[in-house]
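Structure first, then comments.
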Amino acid sequence: MKPFAVTLDKRAAEPIYRQLIRAIRAQIESGALQPGDRVPPSRDLADALAISRISVVNAYAELQDAGLLEAHPGRGTFVSVTRADHRADPRTLPSVAANPIAQSMLRLSARPGIIAFSGGAPAEEFLPVAAIRRSYEAVLERDGAAAVAYEETEGYPPLRAIVAEYMASLGIRCAPDQVLITGGCQQALDLAMQALLGEGDVVLTTNPTYIGFLDLARIRRCGVVGVPVDERGLCVDALEAAIEAHRPRLIALAPTHHNPTGTTMPLHRRRKLLRIAGAAGVPILEDGVYQELSYTGQPPPPLKALDDEGIVIHASGFSKIVLPGTRIGYLIAEGEAWERTLRVKQAADICTPGLNQRAMHHYLQSGALAGHLERVRLACKERLGVALDAARRHLPGGARWLEPTGGVYLWIELPHDGPTAAELYVAAIQHGVAFAIGAMFYTDPDTPGSGYFCRLNVAAQPPEQIEEGMRRLGAAWRALADRHGPPGAPLL
């Protein structure tokens, strides 16, 4: 066993196990540790460095997941002999800088008088404020100070149990101890990505994809590779080649009412996706936040409901269907993925606020969710119908879109002989309407045609505002097209 020097700063804000990962990784990549070299047993290294053994165990576990170490029971832990280089091509690494275009769009769309189709939040009038207020009051009256004390990291046990019951209604069989309560679905996604990905690892997703996946990958310095989508969601025939070419550590996608395109993967594609991922040993992170917002019957079961190998991590929450501000989400996982995600949650924020958890449990236990969801579905279906009718009448000839069967988004492709979506955005603001520029959702900004897409959250506005917003958008396009030159020419 080679001796190797590790220097740790126990006063630093960076966790000890993260420092240890970085130090061992550096020695492997520099050649100081060669393939086949044995590293010290976790207890011996912990004693030598005067740190907790769990820090060494966690560090070794992450390095094994990254393919840098191999554990052989009875023999020890060694630098991997057959390790593949899972680090991403630097060209696939997103910039860590904040997106100034997105920030500017948010500021512009918040101006008075703007009809904003640009956000991702539900309409305020859908939110059951009175019912939730009663739940908060009931919990405070019942539990007193316990309602605002720390909860277990895993979550308030009765809430975990009722979420497991709710999952059964969606076809997902899980026990309460497989449920992790999180600060919204976005945190659930973030925790899973932190648990499963290291800097430079590659994640496969759809192209285009949920911008939250791109933001999380940007922060974690992971490579993102997009797999094409069509009118039926992820093109699974392209998936095997992408796995072979890029050796991803994770596949992340929203198979039902996909954000931004609104597409839903049919059952046969879901089963094929699971077979391909299972054969390659690549876990799947499923964003199921729009699963319940279907308007034409039941969608196919979530991937987790079809998962016989335990490779799917299901993330969802109540932000889109109950109250965004409560930030109650959940993650369903098992085995090592569950343990690793729990450790990340413990380090991130100890626990999700207990009062919010208890109030959400009270609300779910009351049975009010089913009726509330039905009202939301009917209202969203009506608004989608209004948006489609208005788009046909007001948007330019040659504009195209799919008619989604659920969710809240309309994904529109503008005519390619007119202004791009980015060019249109400025004119649209001047006409009093805002949308999300489609190019921001692409993993590869050079994807042909990506500059001509717009995403509209049509559920965020009442019917009369949808009609007026579409009229304004069409007027903005025509005003710009009248003075628009060939593609790429400057606007006068």
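The values are calculated or read from the model by the stated rules, or taken from the named source; none is laboratory data. All figures in this text were calculated on a predicted structure; none of them were measured in a lab. Cβ placement follows ideal geometry from the backbone for every residue including glycine, while neighbour counts extend to all protein chains displayed. Ligands, DNA and RNA are stripped out before the accessible areas are found, and what is left, the full protein with its side chains, is counted by its heavy atoms. Shrake-Rupley method; radii C 1.70, N 1.55, O 1.52, S 1.80 Å.
For this structure, a couple of remarks:
- E334 long-range amide H proximity, modeled H, under 5 Å: none
- The range 366-439: relative contact order in percent, alpha carbon pairs under 8 Å with at least 6 residues between: 18 percent
- Portion, in percent, of the accessible area of the chain that falls on carbon or sulfur, probe 1.4 Å: 54 percent
- Take the chain with all the other protein chains still there, run a 1.4 Å probe, and you get 43 Å² of accessible area per residue.
- Extension gain for H268-E382 works out to 38.1 nm (0.36 nm per residue, less the C-alpha to C-alpha distance).
- About the Cα centre, charge dipole magnitude for the range 238-310 (Lys/Arg +1, Asp/Glu -1 at Cβ), debye: 160 debye
- Taking every C-alpha pair closer than 8 Å and separated by at least 6 residues, the mean separation divided by the residue count of the range 179-264 gives a relative contact order of 33 percent.
- Each Cα pair under 8 Å and six or more residues apart adds its sequence gap; the mean of these over the residue count of the chain is a relative contact order of 18 percent.
- Normalised Debye scattering of the range 114-250 at q = 0.19, 0.20 Å⁻¹ gives log10 I(q)/I(0) of -1.26, -1.28, counting only Cα atoms as equal scatterers and leaving out solvent.
- In a fully extended conformation the segment linking A71 and R11 would gain 18.6 nm over its present Cα-Cα distance, using 0.36 nm per residue.
- Taking 25 °C and 0.890 mPa s as conditions, the range 182-266 diffuses translationally at an estimated 188 µm²/s according to Stokes-Einstein applied to its Kirkwood radius (Cα pairs).
- Solvent-accessible area of I311 with every protein chain in place, 1.4 Å probe, in Å² to the nearest 10: 30 Å²
- Using alpha carbons only: equivalent-ellipsoid semi-axes of the range 165-226, gyration tensor based, whole Å: 26, 14, 11
- Distant-in-sequence amide contacts of I115, defined by a placed amide H-H separation under 5 Å and a gap of 5 or more residues or a different chain, comprise V433, A434.
- Kirkwood Rh in Å, taken over the chain so that all alpha-carbon pairs contribute: 24.4 Å
- CD proxy at 222 nm, helix term only [per DSSP H run n ≥ 4: -39500 (n - 2.57); per residue of the chain; nearest 500]: -13000 deg cm²/dmol
- Mean projection of the Cα convex hull over all viewing directions, computed for the range 318-392: 7.5 nm².
- For the range 352-383, the residues whose amide N sits under 16 Å from a probe point set 7 Å from the Cα of R134 along the beta carbon direction are 359-373.
- For L402, the residues whose amide H sits under 5 Å from its own are W411, ignoring neighbours fewer than 5 places away on the same chain, with H placed 1.01 Å from N.
- In this structure I51 has an accessible area near 30 Å², from a 1.4 Å probe over the protein heavy atoms.
- At full extension, R111 and Q346 could sit 80.7 nm farther apart than now, given 0.36 nm per residue minus the alpha carbon distance.
- Magnitude of the charge dipole, the chain, Cβ model with Lys/Arg +1 and Asp/Glu -1, debye to 20: 360 debye
- Just so you know, the averaged projected area of the alpha carbon convex hull for the range 368-488 sits at 8.2 nm².
- At the residue level, R75 shows approximately 140 square angstrom of accessible surface with a 1.4 angstrom probe and all protein chains present.
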